[in-house]
Amino acid sequence: MPSLRDTLSRLLSIPGVRATVLVGREGLPIETAGRSDERLLESLGALGASAFGTAEALGHEMGQGRAVAAILEYEGALVSVDPLGEYAVLVTLAESAASLASVRQMARSSRDEILRQLDLR
């Protein structure tokens, strides 16, 4: 069975993906993979989890159901935040929106494997 880092590293095979971070819902890092320094990876995970919490609160206030993902687009990058159950969030940093569909599809297809590796399924 591949390691959690191996599973996350598959996202790095998508053109334009620079990093991915698995964090708890409170933003504490669980595992990282990417071509960035550790401090950036930790910040990416913590702030991505925080942004997702805000998106969830907004959806709740609007009565639109639970948040299924958050996409943050910047001039030079895109951040995708995908929840993995109640306890974890996958935050992925990409160079542009061109890789978004592949990132989202791989995050969904890897969800159960990651949860098994975390022993949450």
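Tabulated data
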{"read-out": "2 or more residues crowded, with 18+ Cβ neighbours inside 10 Å and among the hydrophobic types (A, V, I, L, M, F, W, C): qualifying strands (runs of 3 or more DSSP E) within the stretch 9-121", "value": "17-24, 29-34, 78-84, 88-94"}
{"read-out": "Residue that is farthest from the chain's Cα centre (by Cα) [pool: residues in the stretch 82-108 that are under 22 Å from Thr54 (Cβ atoms) and of a type in the set (Gly, Ala, Ser)]", "value": "Ala97"}
{"read-out": "Residue within the stretch 96-112 that is touching a strand residue (DSSP E or B) at 6+ places or on another chain (Cβ under 8 Å) and among the β-branched types (Val, Ile, Thr) present", "value": "yes"}
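Where a number appears in this text, it was derived from the coordinates with a stated rule and is not lab data. The shown structure was predicted, so the numbers you read here are calculated from the model rather than taken from an experiment. We place every Cβ from the backbone using ideal geometry, glycine too, and count neighbours over all the protein chains shown.
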